[in-house]
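A.B. asks: Once you've had a glance at the structure underneath, I'll fire off some questions.
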Amino acid sequence: MNLLEQTDQANIWHPFSPLAGNKPIAVKKAKGVYIHTMDGRKIMDAISSWWVNIHGHSHPRINKAIGRQAAKMEQVIFAGFTHKPAVDLSKTLKKLLPDSIGKIFFSDNGSTSVEVAIKLAIQYWYNQDKPRRKIIALEGAYHGDTFGSMSVAERNIFSAPFNDFLFEVAFIPFPQGDGQEAITKMKEIISDDTAAFIFEPLVQGAAGMQMYAPEVLDELIAIAKENETICIADEVMTGFGRTGKMFACDYLQNDPDIFCLSKGITGGYLPMGVTAVNQHIVEVFDVADRLKAFFHGHSYTANPMACAAANASMKLLLTKKCQEDIQRIEASHATYVEQFKPTDQVLEIRHRGTILAVELKAEDAGYTSSIKERIYDYFMERNLLLRPLGNVIYIIPPYVITNQELQKLYTAIDSFLIDLQNNH
Ligand SMILES: Cc1ncc(COP(=O)(O)O)c(C=O)c1O
């Protein structure tokens, strides 16, 4: 009997699964694009294990970097102390982010990177004795599972038990087409009481890989800037090449003031959140008054092993090979979309960089759409992990995926759609 069979799975509370009937698949190892299960299956991880694993699983270079770092120093307090892996990472990130970014703040995950951004934006106004109370967000937004990040996101079935405890946020419509509705609403509600405007740039991930135009976001940011409102780009999902450029904001003319980064930053190895902050915000905290400091810090802030993984991942990401892989995946998706023959059940096919999404028509459209399980099961029976967002099938692969593997995914999507058409 193997170790996992002896372990009592009943002890574990898995996320996003009903407790009754939850039968997680036991994984033995993961390598490259594949997850190898205890019962001998080899499953293609077409969603990079919740969008984190940009170079594939168990990459030798990242493995080595973590091993070397662990032998030197696994963890050290980051208040009053520092270390080279964090310094190196901050230098790399600063080179890639707009020149206006002054400092890099470390935390633990995507939600905390957003939490830090919101707190900084609020305290920025507080420190200047000009408190501003309003935050603007996009309808459909998802920014994480902590209270602050839930507050600045769409109220939905997941937030329902907590809605009464979340702080109020003003929402503008998701920017469809030329985004006029969103722009009009933004102009209507923004005021000198608006502390921040938060958005997932160009692609709303959890909402079902919903995509919108850089020109619209540029205009929204311009309106916010006229009001000196702090613009927070949540690049937790879109960062590190996902949209075809290093950051989705690289498609914009106007730079946001704060970037939230996580997921791909360590190559999907270790948890890490980064909040990159504009110098003009930093300066409001850089004062003699101790009470104006930013009192926020997590135990594992800038964990050296996570920084070492991130440095190795960033090195890989910046290689010509990896940049070419990103362009190759983007071109492959574009060709598939061009040749795609929609069936009656398809509402839309869309892509941006390495992200491809096929949205199905559904009366109960959304995360809990009843078609979700049928999609998941269809692909899992074929050893393809394509965990749909409700009625949206999507691919967000590790950059090492081959053209052949991409074709396998497209063919499987085509077959699923035909199957759906025939057995509707
Ligand atoms: C845009 C965005 N922000 C924040 C988060 C939260 O990140 P984490 O799950 O690491 O807390 C996610 C997670 O999917 C995300 O997509």
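The values are calculated or read from the model by the stated rules, or taken from the named source; none is laboratory data. Because the structure is predicted, anything quoted here is derived from the model rather than measured. Note: ideal-geometry Cβ built from the backbone for every residue, glycine included; neighbour counts use all protein chains shown. Side chains included, ligands, DNA and RNA excluded: accessible areas come from the protein's heavy atoms. Shrake-Rupley method; radii C 1.70, N 1.55, O 1.52, S 1.80 Å.
A.B. asks: Provide the percentage of antiparallel DSSP beta bridges, counting only those with both residues in region 62-317; round to the nearest 5.
C.D. replies: On the way: 12 of 25 bridges.
About 50 percent, rounded to the nearest 5.
A.B. asks: Moving on to the next point. List the residues, sorted by chain then number, that are 5 or more residues from Arg155 or on another chain and whose placed amide H is less than 5 Å from its amide H.
C.D. replies: none
A.B. asks: Using a 1.4 Å probe on the protein chains only, how many percent of the accessible area of region 94-235 belongs to carbon and sulfur? Before the final figure, lay out the partial values.
C.D. replies: Values: 3050 of 6040 Å².
Within region 94-235, the accessible surface is 51 percent carbon and sulfur.
A.B. asks: Show me, for region 387-401, the HN-Hα J-couplings you get by feeding each phi into the Karplus relation (A = 6.51, B = -1.76, C = 1.60, θ = phi - 60°), rounded to Hz, glycine and proline as x.
C.D. replies: Calculated HN-Hα couplings, in order: 7, x, 9, x, 8, 10, 8, 8, 10, 9, x, x, 5, 7, 4 Hz.
A.B. asks: Given R₀ = 22 Å, what would the calculated FRET efficiency be for Arg133 paired with Glu226, taking r from the Cβ atoms and rounding to 0.05? Before the final figure, lay out the partial values.
C.D. replies: Numbers: r = 19 Å, r/R0 = 0.85.
E between Arg133 and Glu226, to the nearest 0.05, is 0.70.
A.B. asks: Between Ile157 and Met380, with labels modelled 7 Å along Cα→Cβ, what's the label distance in nm to one decimal, could you check?
C.D. replies: 1.7 nm
A.B. asks: Work out the charge dipole of region 295-414 with +1 on the Cβ of Lys and Arg and -1 on the Cβ of Asp and Glu about the Cα centre, then indicate which of Ile375, Val392, Tyr300 is farthest towards its positive end.
C.D. replies: The Cα lying farthest towards the positive end belongs to Tyr300.
A.B. asks: Putting +1 on Lys and Arg Cβ atoms and -1 on Asp and Glu Cβ atoms, find which of Leu96, Leu406, Gly56 reaches farthest to the positive end of the dipole of the chain.
C.D. replies: Gly56
A.B. asks: I would also like to ask the following. If you count only protein heavy atoms with a 1.4 Å probe, what accessible area per residue comes out for the chain, rounded to a whole Å²?
C.D. replies: Values: 20020 Å² over 424 residues.
Dividing the accessible area of the chain by its residue count gives 47 Å².
A.B. asks: Using the Cα centre of the chain as the reference point, and only Cβ charges (+1 on K/R, -1 on D/E), how large is the resulting charge dipole? Debye, rounded to the nearest 20.
C.D. replies: On the way: 42 positive and 49 negative charges, 388 e Å.
Rounded to the nearest 20 debye, it is 1860 debye.
A.B. asks: With θ taken as phi - 60° and the coefficients 6.51, -1.76 and 1.60, list the Karplus ³J(HN,Hα) couplings across region 138-153 in order, rounded to whole Hz; mark glycine and proline as x.
C.D. replies: Per residue, the Karplus-derived 3J(HN,Hα) values read 9, 4, x, 5, 9, 10, x, 10, 7, 5, x, 5, 5, 4, 8, 10 Hz.
A.B. asks: How high is the relative contact order of region 62-317, given as a whole-number percent (alpha carbon pairs under 8 Å, six or more residues apart)? Numbers along the way, then the final one.
C.D. replies: Working: 473 pairs, mean separation 75.8, N = 256.
Result for region 62-317 is 30 percent.
A.B. asks: Glu363 versus Lys292, label points 7 Å from Cα toward the beta carbon: distance in nm?
C.D. replies: 6.0 nm
A.B. asks: Once Rh for region 1-140 is found with the Kirkwood sum over Cα pairs, what is the Stokes-Einstein diffusion coefficient at 25 °C and 0.890 mPa s, in µm²/s?
C.D. replies: Details: Rh = 20.0 Å.
Rounded, D is 123 µm²/s.
A.B. asks: I'd like to know which of Asn163, Phe247, Asn311 lies farthest towards the positive end of the charge dipole of region 62-317, counting +1 on Cβ of Lys and Arg and -1 on Cβ of Asp and Glu.
C.D. replies: Asn311
A.B. asks: Quick one: which residues, 5+ away or cross-chain, put their amide H under 5 Å from the amide H of Ile190? H built at 1.01 Å from N.
C.D. replies: Amide H neighbours of Ile190, under 5 Å, 5+ apart: none.
A.B. asks: For Leu318 and Phe16, what is the calculated FRET efficiency with R₀ set at 35 Å and r taken between the beta-carbons, to the nearest 0.05?
C.D. replies: For Leu318 and Phe16, the calculated efficiency is 0.60.
A.B. asks: In whole percent, how big is the carbon plus sulfur part of the accessible area of region 384-424, probe 1.4 Å, protein atoms only? Before the final figure, lay out the partial values.
C.D. replies: On the way: 730 of 1510 Å².
About 48 percent, which is the carbon plus sulfur part of the accessible surface.
A.B. asks: Dipole size in debye (nearest 20) for region 273-424 around its Cα centre, Lys and Arg Cβ +1, Asp and Glu Cβ -1? Please list the in-between numbers first.
C.D. replies: Values: 15 positive and 18 negative charges, 96 e Å.
Using Cβ point charges on Lys, Arg, Asp and Glu, region 273-424 gives about 460 debye.
A.B. asks: Quote the convex hull volume per residue of region 92-149, based on C-alpha atoms, as a whole number of Å³. Present the calculation step by step, with values, prior to reporting the outcome.
C.D. replies: Numbers: hull volume 7.2 nm³, N = 58.
Dividing the Cα hull volume of region 92-149 by its residue count gives 125 Å³.
A.B. asks: Can you list the residues, at least 5 places off or on another chain, whose amide H is less than 5 Å from the amide H of Gly244, using H built in the peptide plane?
C.D. replies: Correct list: Thr354.
A.B. asks: To continue, here is another question. Cα gyration tensor of region 256-353, axes a ≥ b ≥ c as square roots of the eigenvalues: rounded (a/c below 1.5), prolate (a/b > b/c) or oblate?
C.D. replies: Details: a/c = 2.89, a/b = 2.02, b/c = 1.43.
Judged from the Cα gyration tensor, region 256-353 comes out prolate (a/c at least 1.5, a/b above b/c).
A.B. asks: Per residue, what volume in Å³ does the Cα convex hull of region 305-347 take up? Don't skip to the answer; put the middle values down first.
C.D. replies: Working: hull volume 3.9 nm³, N = 43.
So the per-residue hull volume is 90 Å³.
A.B. asks: Viscosity 1.567 mPa s, temperature 4 °C: give me the Stokes-Einstein translational D for region 62-317 in µm²/s, with Rh taken as the Kirkwood radius over C-alpha pairs. List each step's numbers first, then the result.
C.D. replies: Working: Rh = 18.6 Å.
Answer from the Stokes-Einstein relation: 70 µm²/s.
A.B. asks: Pick out which of Ala30, Ala153, Ala196 has the largest mean-square fluctuation in a Gaussian network model of the chain, springs linking Cα atoms closer than 10 Å.
C.D. replies: Between Ala30, Ala153, Ala196, it is Ala30 that shows the largest mean-square fluctuation.
A.B. asks: Give me the three principal axis extents of region 333-424 from the C-alpha atoms, as integers in angstrom, largest value leading.
C.D. replies: 35, 26, 23
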